[in-house]
Amino acid sequence: MTVSREVELEGHIIDSGMMQSAFGIIMDMGGSFDVEEFDIGRSKTETSYALLTVSADDPGTLQAIVHELHQNGANPADPDDVELTPAPDDQVVPTGFYSTTNHPTEVRVDGEWLAVDDIEMDCAVVVEGVARGATDASGEAAEPRADSEPRAYTKVLNAIDEGDLVVTDEAGIRVRPPERPRGSEGAFGFMQGGVSSERPSESTIEKVADAITETKREGGKVLAVCGPALIHSGAREELARLVREGYIDMLSAGNGFAVHDIERDLYGTSLGMNTETLDHARKGHKHHIYTISEVIRAGGIEQAVEDGLIESGVMYECVENDRPYVLAGSIRDDGPLPDTITDAVEAQNAIREQAHEADMVLMLSTLLHSVAVGNCLPSTTRVVCVDINPATVTQLLDRGSAQAVGMVTDIGTFVPILAEKILDGE
């Protein structure tokens, strides 16, 4: 016996590839479809609409197909209210909870659609201030948590509290993947995804510079996610200038980045090497651990700056210009510096707070920290990823952001040219 359900696609569904993707999902998963309605947008500003009847041989297959379509922005045409189930214990979500994508999401509560705040992938959705008449998965009335307007937001699993009303199943949920720019006009027109080492680097970097400038002009915040290679490659001073002049608002890095940045100030080396002459100083391999010792002795990076121990560099400019930074530790860290967050959950929460504030993110030659930040970003946040390794760039951009561009180039070339394009264009 064939079962079916209607789903809708809205927006620039043709040139974004959404419609083609939906057809492929249905056929690849053993289903079939009929196009019941198709209104085509006939200009760059007009959107399109399609109504599909999706059919399968059994309810399980149909549910699997609709689930996959839902993750790609095709939503049921006959939505019910969202199902809410109380969390049975702290850090325990109900069975069948809805796991989020990083796309803008809404949930239907008492007949009204609520935007889910702080959207990011792999989270639960919690609803507060539930209106009367809302039910949980068992059909029982869900008690309001507070006398306030309903609100939906994401929570990571370890932050779930007993009694939180958690969205379960997929009824009453609407996902809206962001659409790629339809042209190359404007500061962000070039950000249409993809990775290439064939692009003219300087012209692309100029467009990145324009995008940063436009973000700042609109009052947005730019987050830089940096790896130690940036210091080793000699781009330290240019990044410090961008921090000082206010084009970088926040910094996310690891213990190693901060250590080698400060080592360059104290000893003129990065991991024992002079980044200008490329000479290895005598006992230079010990400079990083000496650096850590001196900062610990001072009581931390901020205190070391105030005491005059640290007089230049990226961390210096962050302290002097009140640019917040998160240094997330790892098991391989030396020291670490007192400012490094060694508790993994605490570090995740600090990274998450930064990511939710960012309007544009520069991922500069660090795979692990870029993945950590990328996991916390909504797909609408503009991302520029730069690395000498094509596989690193591809892996980061494949994590779901449509508003992203990747460059395969040396970070020591990218940052100085970027700083020149931004600061000389003021």
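Observations on the structure shown:
- Karplus-based coupling profile of the range 104-112, in residue order and whole Hz: x, 9, 10, 10, 9, 10, 6, x, 10, with θ = phi - 60° in 6.51 cos²θ - 1.76 cosθ + 1.60 and x standing for Gly or Pro.
- Counting only protein heavy atoms and a probe of 1.4 Å, the accessible surface of the chain is 45% carbon and sulfur.
- The chain: relative contact order in percent, alpha carbon pairs under 8 Å with at least 6 residues between: 15 percent
- Computed over the Cα atoms of the range 1-115, the ratio of the radius of gyration to the Kirkwood radius (Rg/Rh) comes to 1.01.
- Here's how it looks for residue 123: its modeled amide H is under 5 Å from those of 100, which are all 5 or more places away or on a different chain.
- In the frame of its principal axes, the range 283-353 has Cα extents of 34, 29, 18 Å, reported largest first.
- Interchain or long-range residues, amide H under 5 Å from residue 77's placed H: 6, 7, 8
- Extension gain (nm, one decimal) between residue 91 and residue 359, 0.36 nm per residue minus Cα-Cα: 93.5 nm
- Placing a pseudo-label 7 Å from each Cα along the Cα-to-Cβ vector at residue 245 and residue 128 gives an inter-label distance of 4.2 nm.
- Greater than 25 Å apart at Cα, pairs in 44/207; 155/221; 44/221: 44/221
- A Förster distance of 41 Å, applied to the separation of the beta-carbon atoms of residue 34 and residue 202, puts the FRET efficiency at 0.20.
- Antiparallel %, DSSP beta bridges [both residues in the chain], to 5: 60 percent
- Straight-line cross-link reach from residue 216 at under 15 Å between alpha-carbon atoms covers these aspartates and glutamates, not counting any fewer than eight positions away in the same chain: 245, 249, 357, 359, 426.
- Residues residue 286 and residue 99, FRET efficiency given R0 of 41 Å [Cβ-Cβ distance, rounded to 0.05]: 0.30
- Taking 236, 174, 151 in turn, the Gaussian network model of the chain (Cα-Cα springs below 10 Å) assigns the largest fluctuation to 151.
- Å² of accessible area per residue within the chain, as computed with a 1.4 Å probe and no ligands counted: 46 Å²
- FRET efficiency estimate (nearest 0.05) - Cβ-Cβ, residue 334 to residue 368, R0 25 angstrom: 0.95
- The residue list 324, 114, 296 was ranked by how far each Cα lies along the charge dipole of the chain toward its positive end, using unit charges on Cβ atoms, and 296 comes out on top.
- Summary value for the range 343-426: 25 percent relative contact order, contacts being C-alpha pairs under 8 angstrom separated by 6+ residues.
- Modelled spin-label separation between residue 237 and residue 294, with each label point placed 7 Å from Cα along the Cα-to-Cβ direction: 1.9 nm.
- Note on residue 156 and residue 77: their simple-model spin labels are 4.1 nm apart, each label 7 Å out from Cα toward Cβ.
The values are calculated or read from the model by the stated rules, or taken from the named source; none is laboratory data. Given the structure is predicted, the values throughout are model-derived calculations rather than measurements. Cβ sites come from the backbone with ideal geometry, for glycine too, and all protein chains shown count toward neighbours. Accessible surface is based on the protein model in full, side chains and every heavy atom, while ligands, DNA and RNA are left aside. Shrake-Rupley method; radii C 1.70, N 1.55, O 1.52, S 1.80 Å.
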